[in-house]
Amino acid sequence: MIRNPDALSATFAALADPTRRAIVARLSAGEATVGEVARPFALALPTVSRHLKVLEQAGLIRRETDAQWRRCRLLTEPLDEAGEWVERTRAFWESNLDSLAAYFKPQRKPAKKRRARRRKGDPKA
């Protein structure tokens, strides 16, 4: 069940950025430090931190301090909620579009019987 519409909007807004989606994909493999998250990107550490902050505010990740390390962990509940919303919306539109397509489907008219044309001089005429 969706927490609230604003949470769903925050989830989609956070996932709208390809860098943040890549971070989510990385964290789906397990916890990582901020440095480990930043390593594959050609971005300054403060830029990666801003992306992490957006993901954290959307409830998609949790950052925890472990001695001198800042560890990041993916929280799956918002992703599950977004997936459920997408699935419900897809099912609704598929159902309604199928009904609409059936409504507008051209109806075949029964074939008219053709009268045989008789030619002059035809012995069957």
List every residue pair whose Cβ atoms sit under 8 Å apart, with the two residues 6 or more apart in sequence or on different chains, where the first one lies in region 19-41 and is touching a residue at least 24 places away in the same chain (Cβ under 8 Å) and assigned to a helix (DSSP H, G or I) and the second, anywhere, is surrounded by 13 or more Cβ atoms within 10 Å (Cβ to Cβ) and hydroxyl-bearing (Ser, Thr, Tyr).
-> Val34/Ser49
Look at Arg20 and say whether it is of a type in the set (D, E, K, R), in contact with a helix residue (DSSP H, G or I) (Cβ under 8 Å, 6 or more places away or on another chain) and at pLDDT below 95.
-> no
Note down all Cβ pairs under 6 Å where the first residue falls in region 62-88 and is among the acidic types (Asp, Glu), the second is surrounded by 12 or more Cβ atoms within 10 Å (Cβ to Cβ), and they're at least six residues apart or on different chains.
-> Glu64/Arg71; Glu81/Ile2
Hey, does region 76-96 have a residue that's among the aliphatic types (A, V, I, L, M), touching a helix residue (DSSP H, G or I) at 6+ places or on another chain (Cβ under 6 Å) and modelled with pLDDT of 95 or more?
-> no
Check region 42-51 and report whether any residue there is in contact (Cβ under 8 Å) with a residue 40 or more places away in the chain, out of contact with any helix residue (DSSP H, G or I) (no Cβ under 6 Å at 6 or more places or on another chain) and aliphatic (A, V, I, L, M).
-> no
Checking Val34 against (1) touching a Cys at 6+ places or on another chain (Cβ under 8 Å); (2) at pLDDT 95 or above; (3) surrounded by 15 or more Cβ atoms within 10 Å (Cβ to Cβ), the condition it does not meet = (2)
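The values are calculated or read from the model by the stated rules, or taken from the named source; none is laboratory data. The structure displayed is predicted, hence computed values, not measured ones. Backbone-built Cβ (ideal geometry, glycine too); neighbour counts: all protein chains shown.
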